[in-house]
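Colleague: After the structure tokens below, expect a handful of questions from me.
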Amino acid sequence: MKSNPMLKLAVFSCLFFTPAIAQAACTDPPEPGVDWRRCLFNGDSLNGVDLQESRLRDASFFRAELIESNLTGADAFRAKFVNAVMTGVRFESAKLSEADFTKADLSNASFVGSDMRRAKLNRSNLRGADLTNARLQGADLTRADLSGATWTSGTKICAEGSIGRCN
């Protein structure tokens, strides 16, 4: 079979001169709607940032600080917040299923209406957190401190010493 130089030129042109699809980068500044999927922010200080409606799937925030940050409506499916300091964070209506909050400080955080199915919250600090209408099916709350947290019903406040479950 004879080689066709025009075919080679066409294939070469398609491979090297096709415009690239624009994607957000992990270096993009924190702002509403940012696409930080699969990005690493381990140990970073992101206090007070507005990440409403952001895409954080599979992102890692190991030992990061997000104090008083707004993650309302964020998609953080399978995100890692292990040992993160997230006091007063707003996670209203966020997608947090399978997220890992092991040993995270989530005191006074708001999870109103969030999807936390199969999330790992073991040994996390949820003191004073608001879990009203949060979906917690399959979530791991082993040794989580729920003292003073508002439970999913929105009417029950967990008693002091509620560890692993709301008493």
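The values are calculated or read from the model by the stated rules, or taken from the named source; none is laboratory data. Since the model is a prediction, treat every value here as computed from it, not as a measurement. Note that we place each Cβ from the backbone using ideal geometry, even for glycine, and neighbour counts take in every protein chain shown.
Colleague: Is there a residue being at pLDDT 95 or above, within 14 Å of the chain's Cα centre (by Cα), outside any loop (DSSP other than H, G, I, E, B) and under 22 Å from Phe61 (Cα atoms) anywhere in segment 113-135?
Modeller: If we filter segment 113-135 for residues that are at pLDDT 95 or above, which is where we start, we get 113-135.
Those left that are additionally within 14 Å of the chain's Cα centre (by Cα): 114-121.
Next, from what is left, pick out any that are outside any loop (DSSP other than H, G, I, E, B): 115, 120.
Of the ones still in play, those that are also under 22 Å from Phe61 (Cα atoms) are 115, 120.
Yes: segment 113-135 contains one or more residues that are at pLDDT 95 or above, within 14 Å of the chain's Cα centre (by Cα), outside any loop (DSSP other than H, G, I, E, B) and under 22 Å from Phe61 (Cα atoms).
Colleague: If I filter segment 136-152 down to residues being in a loop (DSSP other than H, G, I, E, B) and of a type in the set (S, T, N, Q), which single residue comes out as nearest to Asn167 (Cα to Cα)?
Modeller: Filtering segment 136-152 down to residues in a loop (DSSP other than H, G, I, E, B) leaves 136-139, 141-144, 146-149, 151-152.
So of that shortlist, the ones also of a type in the set (S, T, N, Q) come out as 137, 142, 147, 152.
Numbers: Gln137: 18, Thr142: 14, Ser147: 9, Thr152: 13 Å.
Top of the filtered list is Ser147.
Colleague: Is it fair to say Leu46 is within 21 Å of Lys156 (Cβ to Cβ) and among the aliphatic types (A, V, I, L, M)?
Modeller: Values: within 21 Å of Lys156 (Cβ to Cβ): no; among the aliphatic types (A, V, I, L, M): yes.
For Leu46, the condition - within 21 Å of Lys156 (Cβ to Cβ) and among the aliphatic types (A, V, I, L, M) - is not met.
Residues checked against (1) farther than 21 Å from Thr102 by Cβ; (2) surrounded by 14 or more Cβ atoms within 10 Å (Cβ to Cβ); (3) not hydroxyl-bearing (Ser, Thr, Tyr):
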{"residue": "Asn125", "(1), (2), (3)": "no, yes, yes"}
{"residue": "Gly128", "(1), (2), (3)": "no, yes, yes"}
{"residue": "Gln137", "(1), (2), (3)": "no, no, yes"}
{"residue": "Leu141", "(1), (2), (3)": "no, yes, yes"}
{"residue": "Leu146", "(1), (2), (3)": "no, yes, yes"}
{"residue": "Thr150", "(1), (2), (3)": "yes, yes, no"}
{"residue": "Ser153", "(1), (2), (3)": "yes, no, no"}
{"residue": "Gly164", "(1), (2), (3)": "no, yes, yes"}
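Colleague: Further question on the same structure: Say whether the condition of being closer than 21 Å to Gly113 by Cα and among the acidic types (Asp, Glu) is met by at least one residue in segment 26-48.
Modeller: no
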